[in-house]
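Computed from the coordinates by the stated procedures, all read-outs in this text should not be read as laboratory data. Everything numeric here is computed off the predicted structure, so don't read it as measured data. Glycine also receives a Cβ, built like all others from the backbone with ideal geometry; neighbour counts cover every protein chain displayed.
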Amino acid sequence: MARTRVTTPRTGRRPLIAGNWKMHMTHLEAIGLTQKVVFSLTEQDLDVAEVVVLPPFTALRSVQTLVTGDKLAIGYGAQDLSMHDAGAYTGEISGGMLAALACAYVVVGHSERRALHGEDDDVVAAKVRAALRHDLVPILCVGEGLEVRRDQGHVVHCCTQLDAALEGLSAEQVRGTGAGAGGGLVIAYEPVWAIGTGEVATPDDAQEVCAALRSRLAERFGPETAEVVRILYGGSVKAANTAGILAGPDIDGALVGGASLDADEFAQICRIAADVG
Ligand code: 13P
């Protein structure tokens, strides 16, 4: 099938497509899905775009064994971690445990954690620190609900969440030593009203907030840091809307929910990102 090349100016940041599987996939299903995604993509796709899967905790060890055993060019990570490193925290998973499974990434502050598990900005900030302590790259999610968007408060809301989560961090912590495996953090703008609703933000909506987040990073940590931090969009991303979203010069990839459970659809999103890159 002919590919559509998106005429985005190159940013110097490697596109990142991360599949947040949420509470789907047993460890056996996870192996099948990961294999299918990787085998649907060319070496070049996987070289240009960084592709990451974020399975539930119970599938991480299986995905690790597959990825390392078959030397697959795909990354993986977790959807959450504890703010604590060890102790009597029944049900929790620490950053150290994720690092021991060679996870590269961990989602922090997803709106579902904020809304359904009462995670406030302080908890999110503590989890960002916990991830960094264990050399995991946090994928820090920010995003406004529908009311805030209707009141035009979205930029302020997202920048406030960003400020709170990054409070007290140094520019080096935020930037790492470069994109990808070099540490630092990734930011994901996920408007709550666009998650799982089929209602994707327009490319302009997404670019507006991602640009504002980058400006905020520049104000707080300097332009060199803001230039290398990758900012993703998430919320009803599908193959059909990926090119438009990724055309935004401040949008470096996508955090994909539902569409990441379909290997063909997810692979197509990754191919489009590779073409942008
Ligand atoms: P959907 O792509 O299903 O809207 O989910 C987005 C999301 O929450 C990714 O973290």
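Label-to-label distance, Ala240 versus Thr177, with points set 7 angstrom from Cα along the beta-carbon direction: 4.4 nm. Here the gap between Gln35 and Asp85, fully extended at 0.36 nm per residue and compared with their Cα-Cα distance, gives a gain of 14.8 nm. Residues Cys270, Cys103, ranked from the fewest to the most other C-beta atoms within 10 Å, line up as Cys103, Cys270. Each Lys and Arg contributes +1 and each Asp and Glu -1, all at the Cβ; summed about the Cα centre of the range 74-171, the dipole is approximately 220 debye.
So for Glu224, Glu119, fewest C-beta neighbours within 10 Å to most, what's the order?
Details: Glu224 10, Glu119 20.
Fewest-to-most Cβ neighbours within 10 Å comes out as Glu224, Glu119.
Taking other C-beta atoms within 10 angstrom as a stand-in for reagent exposure, Asp120, Asp262, Asp135, Asp252 fall in the order Asp120, Asp135, Asp262, Asp252, fewest first. To make sure I understand the rule: partners must be lysines, Cα under 28 Å from the Cα of Lys36, and not fewer than 8 residues away in the same chain. Which ones qualify? Qualifying lysines at Cα under 28 Å: Lys22, Lys71, Lys238. Across the range 99-239, Cα pairs under 8 Å and at least six residues apart give a relative contact order of 24 percent. A rounded overall shape is assigned to the chain, the ratio a/c of its alpha-carbon gyration tensor axes (a ≥ b ≥ c) being less than 1.5.
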